[in-house]
Structure formats: structure tokens, C-alpha cells
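The values are calculated or read from the model by the stated rules, or taken from the named source; none is laboratory data. Just so you know, these numbers come straight off a predicted model, no measurement behind them. With ideal geometry, Cβ positions are generated from the backbone for all residues, glycine too; neighbour counts draw on all protein chains shown. Please note that ligands, DNA and RNA were not included when accessible areas were found on the heavy atoms of the full protein model with its side chains. Shrake-Rupley method; radii C 1.70, N 1.55, O 1.52, S 1.80 Å.
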Amino acid sequence: MDELERRKCLEEIRLHKVRTKKLRILITNTDNIEVKMQLTKGLIWHIKRKRELRKMLIDDIGSDS
């Protein structure tokens, strides 16, 4: 992974963090059960994706050493 890909990966991680924060706020402010379920599914997806990106970045940094 070159420097440009690393920066892109870090930016995606940051965006996922922002989106999960917004989703958490929406979930707490929503009364509709079906909407809450959909928002929760989106939240779970963003958390899993952020973990995958972080793991890729850590593995790449570890392989460079």
C-alpha cells in the first residue's frame, strides 16, 4: 500500500467515525421501530467496515517494518 492509499484509508476511517456518530444520534431520536432497525443495520455496517479498514492499515504498516 503506497502513501496515497494509506491516506485514503485513513480518510475513510475518519468518515466512518463521523457517520456512526450521526447514526447514533438519529437512533436515539427516532421513535419508529422499523426506522431504528434500518439505522442500526447501517450503524453495524459502518462499524464493521471501519474495523476492516483499520486492520488493513495495521497489517500494511506491520509488513513495512
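Contact map, segment 40-56: first residue assigned to a helix (DSSP H, G or I), second residue open to solvent by 80 Å² or more (accessible area, probe 1.4 Å), Cβ cut-off under 6 Å, separation 6 or more or different chains; pairs are H46/R19. Considering (1) open to solvent by 60 Å² or more (accessible area, probe 1.4 Å); (2) in a helix (DSSP H, G or I); (3) at pLDDT below 90, the lone condition that R14 does not fulfil carries the number (3).
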